Amino acid sequence: MKVRMSCVGLRNLLQGLSFSVKYYSKHNHLQTICLYSKIQQKKCHILDCSGSTCTHKTLPAGNILPWRLFSCKQEGTKIPSKRMQNTSIITSEPLYKNLLKSEQENWNDISARYKAMTERIKEKLEELHKYTFNSVSPRIRFGENVYFEENGYIFLSKADDVDEGNVDVLFSTKDLGFSDAFIQRIRISPDQRYMAISFKSENSEEATCVIMKLDHSPVVEEVIPSVFSFEWATNDVLYYTSQKNLKCQNVFMTTFTDQKHTKLVYTEQDARFFVDIYCTKDRRFLTINSNSKTTSEVWLIDCRHPFKLPALVQARTKGVIYHIEHRNDELYILTTYGELAEYKLMKAPVASSGMENWQLVYALEKKTKLVDLEMFTDHCVMFLKNAGHLYLNVISFVSHLVQSIELPTWACEFELESHPEHTTSTCYFQLTSPVHPPKCFAYSFKENNLIEQAVQEVPIITNCHTTRLLAKSKDETLVPITVFHSMNSKELHRKPLLVHVYGAYGIDLNMSFKEEKLMLIEEGWILAYCHVRGGGELGLSWHKDGCQYNKLKGLHDLKACIMLLHQLGFSQPKYTALAAASAGGVLAGALCNTDPELIRAMVLQCYPSVFITAYENDQRIPLTGVLQYVQKLRKAALDHASRTSKKGNWIPSIILDIQANGNHCDSSWEDSMNEVARHLAFLNKELEEVCHLQHHTKSGK
């Protein structure tokens, strides 16, 4: 479910409510009870590589996460609680169908008022998309070859020729029967004979993995349904994890020798743990990573002996998260183990990898977020974030020195190469922001300098100013805010402001480039990103300080951020909108109830208008709950308006847009553009009505 409010733009408000129960105390202070379970020690099953083979059937495409993230929990790998899975709010099937039909008819009637503006916004987004789409395509460097994807085609080029346009087309997704799906992950075998590629459709969260044999005329070797992650152990041995009902607990091995076979090699029995596969940078080991919200366990598969049983690195220990890299017969362990529960880099011999042998290599500074880590032959590169600022720390394994590399002040997100080479002397990455398309950068270990790579310029003038602020929350904690606005904007207090918030699962606000954000800047909007507690922007402690019984701190942070923005002249309440994704809806919904005067408050306690987008086939948010929520919200808003009726008051719009296609996590570019256009049309229309109503009230009309 996705939600937009004219002064509360919410995505998936109920997602947050699935793990949180909110209520008012006698003193009307918002409180939160978070439901959580204790981690228990349970054994895993390791299966020998013998027995019957597994067969595969072709199923629809689905979702897959391409990279490991160093946060407490990846929202994309969330396991629904039994309470969520068994939700049956509307018990009568006829009642459900009647409500669904009623809401669809209501949307058809209401949508006409937004049609003209929606079409105008879509035209602008399409124009921007022509210039920004694949302006810098992610590339996989493999020796002298470079593989990349554009517009559904897989290309191969020599590294020196790729920028000159000398490329070969290997195949297209349409040829494989996946024209309506998009690519989420590509892995190439060490000898480059095979390519494993995952496809996902917008109506499913499960991916289909297709293995291509890269001859002169590439052919499909095998199709594996419901795959989450996969890696090549050798030239012809692939390990992968299967996904079912948003859970991932089994690891399989399949071979592409003369006698093909598939074996189950690992099973995770604890439903709270999610399993994925990762390949170390030097391709020496595959790691089977079993992670819960707070605890992890890693098993090693030696790529030199892929048929041997996996070896345990360290048995799961409550509260300890760790990830593994490898270099020179030593494991480099990124872990929360130790006195301060922040990430630190440690190492241990492969032969004796237990926790008692872990030695400290480097500890992160306080309130620093580790975004990712890359291992090279003689260096380790840490991609870091502090109070919104991005920078690199380069650790030399030769001199044992740490070099800190500053990055452009506008940068808000790293985008790393899909599978960079281990031995290269250069680290390649991209930098982006909500209003800056990705730019390629390279750091040379030899030259010790940062290079902005020459690429074809995007013909868009991002005449945008980036401001970073610190708001003082209720308990005196300083909360970072990142603000974007046009340099040409005057009288900022009269401009519309779109505030973004998340604050959950230790995950940062999404600040990657979006065409609609650039369009809003060009039309005079101010964009603000509030990095409140509960998110991961300032490290693991920042998340812990805003979750469970500390959830109210995130609400106080959000309120402080919006108040500071208004005090500094960035818009004012009646022109302010709030956008939140998924679990971020908890904070947005709470602010809407506790401090509605901060967002589009013509009259104190005037409840904001709400635009909700839901999907019929959303596995995470049952449509039955959304329908009942909208009915109750609509009734509450009308009851409140009738009780507080006076001149100038208005009745908020509560709109539900139900889409037959799409799901909680992903959608196609076209569907995403249509959805964004509807959301922005709604916001513009509602804010226009604020100005219109204010004018008539003052004039006495």
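The values are calculated or read from the model by the stated rules, or taken from the named source; none is laboratory data. On a predicted model such as this, the values are computed, not experimentally measured, just so you know. Cβ placement follows ideal geometry from the backbone for every residue including glycine, while neighbour counts extend to all protein chains displayed. Surface areas here come from the heavy atoms of the whole protein model, side chains and all, with no ligands, DNA or RNA. Shrake-Rupley method; radii C 1.70, N 1.55, O 1.52, S 1.80 Å.
Residue by residue through the stretch 420-459, note down the ones that are assigned to a loop (DSSP other than H, G, I, E, B), over 19 Å from residue 394 (Cα atoms), at pLDDT below 90 and not small (Gly, Ala, Ser). Don't jump to the end; show me each part of the working.
Keep residues of the stretch 420-459 that are assigned to a loop (DSSP other than H, G, I, E, B), which gives 420-425, 434-435, 445-448, 453-459.
Of the ones still in play, those that are also over 19 Å from residue 394 (Cα atoms) are 434-435, 453-459.
Checking which are at pLDDT below 90 leaves us with 453-459.
Listed by number, the residues that qualify are 453, 455, 456, 457, 458, 459.
So in the stretch 164-180, with the set limited to residues that are touching a Ser or Thr at 6+ places or on another chain (Cβ under 8 Å), at pLDDT 80 or above and in a loop (DSSP other than H, G, I, E, B), which one is surrounded by the most Cβ atoms within 10 Å (Cβ to Cβ)? Even if it seems obvious, please write down each step before you answer.
Looking only at the stretch 164-180, we keep the residues that are touching a Ser or Thr at 6+ places or on another chain (Cβ under 8 Å), and these are 166-168, 173, 178-180.
Right, trim to at pLDDT 80 or above and you get 167-168, 173, 178.
Cutting the leftovers down to in a loop (DSSP other than H, G, I, E, B) gives us 167, 173, 178.
Details: 167: 17, 173: 21, 178: 19.
Restricting to residues being touching a Ser or Thr at 6+ places or on another chain (Cβ under 8 Å), at pLDDT 80 or above and in a loop (DSSP other than H, G, I, E, B), the top hit is 173.
Pick out the one residue from 432, 409 that is touching a residue at least 12 places away in the same chain (Cβ under 8 Å) and open to solvent by 60 Å² or more (accessible area, probe 1.4 Å).
On the way: 432 fails: open to solvent by 60 Å² or more (accessible area, probe 1.4 Å).
Going through 432, 409 in turn, the sole match is 409.
Could you list, in sequence order, all residues of the stretch 325-361 that are in contact with a Lys or Arg (Cβ under 7 Å, 6 or more places away or on another chain) and in a strand (DSSP E or B)?
325, 326, 330, 331, 332, 333, 335, 359, 360, 361
So that you can scan it fast, the table gives a plain yes or no per residue for (1) exposed (fewer than 14 other Cβ atoms within 10 Å of the Cβ); (2) out of contact with any Phe, Trp or Tyr (no Cβ under 6 Å at 6 or more places or on another chain); (3) hydroxyl-bearing (Ser, Thr, Tyr); (4) modelled with pLDDT of 80 or more:
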position	(1), (2), (3), (4)
649	no, yes, no, no
659	no, no, no, yes
662	no, no, no, no
668	no, yes, yes, no
677	no, yes, no, yes
682	no, no, no, yes
688	yes, yes, no, no
691	yes, yes, no, no
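Could you count how many residues in the stretch 362-386 are outside any strand (DSSP E or B) and surrounded by fewer than 18 Cβ atoms within 10 Å (Cβ to Cβ)?
The first filter runs over the stretch 362-386 and keeps only residues outside any strand (DSSP E or B), leaving 364-368, 376-378.
Subsequent filtering for residues that are surrounded by fewer than 18 Cβ atoms within 10 Å (Cβ to Cβ) retains 365-367, 377-378.
Total satisfying the criteria: 5.
If I go through the stretch 495-514 residue by residue, how many of them are open to solvent by less than 20 Å² (accessible area, probe 1.4 Å) and on the phi < 0 side of the Ramachandran plot? I'd like the intermediate steps shown before the answer.
If we filter the stretch 495-514 for residues that are open to solvent by less than 20 Å² (accessible area, probe 1.4 Å), which is where we start, we get 497-504, 506, 509, 511.
Next cut, on the phi < 0 side of the Ramachandran plot only: 497-502, 504, 509, 511.
Of the residues in the stretch 495-514, 9 are open to solvent by less than 20 Å² (accessible area, probe 1.4 Å) and on the phi < 0 side of the Ramachandran plot.
I'd like to check something: does the stretch 520-532 contain any residue that is β-branched (Val, Ile, Thr), over 23 Å from residue 369 (Cβ atoms) and at pLDDT below 90?
Taking the stretch 520-532 as the starting set, the residues that turn out to be β-branched (Val, Ile, Thr) are 521, 526, 532.
Filter once more, so that each one left must be over 23 Å from residue 369 (Cβ atoms): 521, 526.
The next check asks that each one be at pLDDT below 90; those that pass are none.
Among the residues of the stretch 520-532, not one is β-branched (Val, Ile, Thr), over 23 Å from residue 369 (Cβ atoms) and at pLDDT below 90, which makes the answer no.
Would you call residue 263 assigned to a strand (DSSP E or B), touching a residue at least 60 places away in the same chain (Cβ under 8 Å) and open to solvent by 10 Å² or more (accessible area, probe 1.4 Å)? Before the answer, list the steps.
Numbers: assigned to a strand (DSSP E or B): yes; touching a residue at least 60 places away in the same chain (Cβ under 8 Å): yes; open to solvent by 10 Å² or more (accessible area, probe 1.4 Å): yes.
So residue 263 fits the description; yes.
Give me the pairs, please: first residue somewhere in the stretch 449-477 and within 15 Å of residue 437 (Cα to Cα), second residue anywhere and open to solvent by 60 Å² or more (accessible area, probe 1.4 Å) and at pLDDT 90 or above, beta-carbon distance under 9 Å, and either six or more positions apart or on two chains.
Sorted first by the residue in the stretch 449-477, then by its partner, the pairs are 466/409.
Where in the stretch 199-256 are the strands (runs of 3 or more DSSP E), entirely inside, with at least 1 residues that are open to solvent by 30 Å² or more (accessible area, probe 1.4 Å) and under 25 Å from residue 617 (Cβ atoms)? Give the steps one after another, and end with the answer.
Details: elements: 207-213, 219-232, 237-244, 247-255.
Result: 219-232, 237-244, 247-255.
Restricting to the stretch 475-508, name every residue that is in contact with an Asp or Glu (Cβ under 8 Å, 6 or more places away or on another chain) and either part of a strand (DSSP E or B) or not hydroxyl-bearing (Ser, Thr, Tyr) (or both). Full working, then the answer.
Narrowing the stretch 475-508 to residues in contact with an Asp or Glu (Cβ under 8 Å, 6 or more places away or on another chain): 477, 479-480, 486, 502-505, 507-508.
Passing the criteria: 479, 480, 486, 503, 504, 507, 508.
Are any residues in the stretch 473-494 crowded, with 19+ Cβ neighbours inside 10 Å and under 21 Å from residue 560 (Cβ atoms), and if so, which ones? Reasoning before the result, please.
First, pick out the residues of the stretch 473-494 that are crowded, with 19+ Cβ neighbours inside 10 Å: 473, 477, 479-486.
Within the stretch 473-494, 473, 477, 479, 480, 481, 482, 483, 484, 485 qualify.
When you check residue 298 against the structure, is it assigned to a strand (DSSP E or B), modelled with pLDDT under 95 and either more than 21 Å from residue 402 (Cβ to Cβ) or open to solvent by 50 Å² or more (accessible area, probe 1.4 Å) (or both), yes or no?
Details: assigned to a strand (DSSP E or B): yes; modelled with pLDDT under 95: no; either more than 21 Å from residue 402 (Cβ to Cβ) or open to solvent by 50 Å² or more (accessible area, probe 1.4 Å) (or both): yes.
Considered against the rule, which asks whether it is assigned to a strand (DSSP E or B), modelled with pLDDT under 95 and either more than 21 Å from residue 402 (Cβ to Cβ) or open to solvent by 50 Å² or more (accessible area, probe 1.4 Å) (or both), residue 298 comes out as no.
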